[in-house]
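Q: This is the structure I want to talk about, given as structure tokens.
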Amino acid sequence: MGFLDKLFGGSTTEEEKTMTKLNIGIILGSTRQGRVSPQVGEWVKGIADKRGDANYEIVDILDFNLPFVFTTAGDEPGIKAWSEKLSSLDGFVFIVQEYNHSITGALKNALDSARDEWNNKAAGFVSYGSTGGARAVEHLRGILGELLVADVRVHPTLSLFTDFENGSIFKPAELHLDNVNGMLDQVIAWSTALKTIRG
């Protein structure tokens, strides 16, 4: 008898197992026309879903139509929906693209559009750019620290020169698979631990 069986006092249904799993959002960090983040996000989700250790979903900040922070009354439907979505998640995987050595303005605005909803959760990163998006993620780590998000060490970096055809068609090298799974291992472990302190 497994842990969940003992917890529920008998054999568990698939629905109960799904309900007890962590909810991890794969956040697309770009909103520009012609973006490739949906391709990268779906690739990560495909790898993640095969693991069966959490409920993974794509969270596209473009869908929320967030206004610039502090330029409105803050009562737009998108802000409320964004808050509710973040509150429903136990951890995050950010799909990060590097713009001028940092993250996109859209992602920074989305991060600033909530506060408590981020707290005491874990995050991993999959980034891309001319240097694999590494500089953008270093900036993002500092922002997440202020939001009380624990960021994990393993960080898959994708090159615009070797993992994309003509800079637009995503064709990842096989070697990235182990890194994505290693990152997800850490996100799941840390998200599990942090859930215990959120009550």
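Q: May I ask what percent, to the nearest 5, of DSSP beta bridges between residues of the chain are antiparallel?
A: On the way: 3 of 28 bridges.
Roughly 10 percent of the beta bridges in the chain run antiparallel, per DSSP.
Q: Another one. Identify which of the listed values of Rg/Rh (Cα atoms, Kirkwood Rh) was calculated from the structure shown: (1) 0.98; (2) 0.93; (3) 1.09.
A: The value computed from this structure is option (1).
Q: I've got another one for you. Share of the range 116-185's accessible area from carbon and sulfur, percent, 1.4 Å? Display every interim value, and only then the final one.
A: Working: 1620 of 3160 Å².
The computed percentage sits at 51.
Q: Would you mind working out the magnitude of the charge dipole of the chain relative to its Cα centre, with +1 at each Lys and Arg C-beta and -1 at each Asp and Glu C-beta, to the nearest 20 Debye? Show your work: numbers first, answer last.
A: On the way: 19 positive and 26 negative charges, 59 e Å.
Around 280 debye, computed over the chain.
Q: Kindly report the accessible area of the chain per residue (heavy atoms of protein chains, probe 1.4 Å, no ligands, DNA or RNA), in Å².
A: Values: 10130 Å² over 199 residues.
Computed with neighbouring chains in place, this is 51 Å² per residue.
Q: Sort Glu117, Glu146 from largest to smallest accessible area, using a 1.4 Å probe on the heavy atoms of the protein chains.
A: Numbers: Glu117 40, Glu146 115 Å².
Final ranking, largest accessible area leading: Glu146, Glu117.
Q: What distance in nm separates the simple spin-label points at Asp185 and Asp49, each placed 7 Å from Cα in the Cβ direction?
A: 2.4
Q: Rank-order 149-155, 67-73, 167-173 by packing density, defined as the average count of other C-beta atoms within 10 Å over each peptide's residues, highest first. Display every interim value, and only then the final one.
A: Numbers: 149-155: 18.0, 67-73: 10.6, 167-173: 12.7.
Top of the packing list down: 149-155, 167-173, 67-73.
Q: Which percent of the accessible heavy-atom area of the range 24-93 goes to carbon and sulfur, probe 1.4 angstrom?
A: On the way: 1790 of 3380 Å².
Ligands and nucleic acids excluded, carbon and sulfur give 53 percent.
Q: Order the following by accessible area, largest value first: Asp185, Asp60, Asp75. Probe radius 1.4 Å; ligands, DNA and RNA are ignored.
A: Numbers: Asp185 85, Asp60 20, Asp75 120 Å².
Result of the area sort, largest leading: Asp75, Asp185, Asp60.
The values are calculated or read from the model by the stated rules, or taken from the named source; none is laboratory data. No experiment lies behind these values; they were computed from the predicted model shown. Cβ sites come from the backbone with ideal geometry, for glycine too, and all protein chains shown count toward neighbours. For accessibility, only protein heavy atoms count, side chains too; no ligands or nucleic acids. Shrake-Rupley method; radii C 1.70, N 1.55, O 1.52, S 1.80 Å.
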